[in-house]
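Chemist: I have a structure here, written as C-alpha cells, and I will follow up with some questions on it.
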Amino acid sequence: MARGGLALIPNLIRGLLRRDVPLKSKALLLAGLVYLVSPVDLIPDFMVGIGWLDDLVIVPLLGWFSWRVLPPTVQDDMKNN
C-alpha cells in the first residue's frame with residue numbers, strides 16, 4: 001500500500017500542470033508543498049524529532065486529500081502513467 005502511494009507523488013506533482021485536474025486538488029497539493037518548505041510550522045523544526053512530526057502528518061494528509069478530490073478518470077490516468 002505505501003509503495004503504491006509513494007509512486008503517485010511524481011504523478012500528483014505533474015498534475016499541477018494538467019488542465020483536467022480540478023483547482024481544489026491543485027490548491028491542496030500546493031498547500032502541502034508550501035507548508036513543507038515554509039519556515040513557519042505548528043511545531044518548530046529546531047525541536048529535533050518532534051519538530052518534523054507535523055510535517056510528516058500534514059503534508060501526506062494534504063496529498064491524500066488532493067488525490068481524493070480528483071475525478072476517477074483522472075486518478076486512473078495518473079495510476080497508469
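Chemist: So the check is Cβ under 9 Å with 6+ separation or different chains; which pairs have a first residue in segment 29-49 that's in contact (Cβ under 8 Å) with a residue 24 or more places away in the chain and a second one that's among the hydrophobic types (A, V, I, L, M, F, W, C) and in a loop (DSSP other than H, G, I, E, B)?
Modeler: These pairs meet every condition: 29/21.
Chemist: Of all residues in segment 10-55, count the ones that are closer than 14 Å to residue 70 by Cα, modelled with pLDDT under 80 and open to solvent by 70 Å² or more (accessible area, probe 1.4 Å).
Modeler: 0
Chemist: Does residue 74 satisfy the condition of being open to solvent by less than 40 Å² (accessible area, probe 1.4 Å), modelled with pLDDT of 85 or more and in a loop (DSSP other than H, G, I, E, B)?
Modeler: For residue 74, the condition - open to solvent by less than 40 Å² (accessible area, probe 1.4 Å), modelled with pLDDT of 85 or more and in a loop (DSSP other than H, G, I, E, B) - is not met.
The values are calculated or read from the model by the stated rules, or taken from the named source; none is laboratory data. All of these numbers come straight from a predicted model, not from anything done at the bench. Neighbour counts run over all protein chains shown; Cβ positions are idealised from the backbone, glycine included. Calculation scope for accessible area: heavy atoms of the full protein, side chains included, ligands and nucleic acids excluded. Shrake-Rupley method; radii C 1.70, N 1.55, O 1.52, S 1.80 Å.
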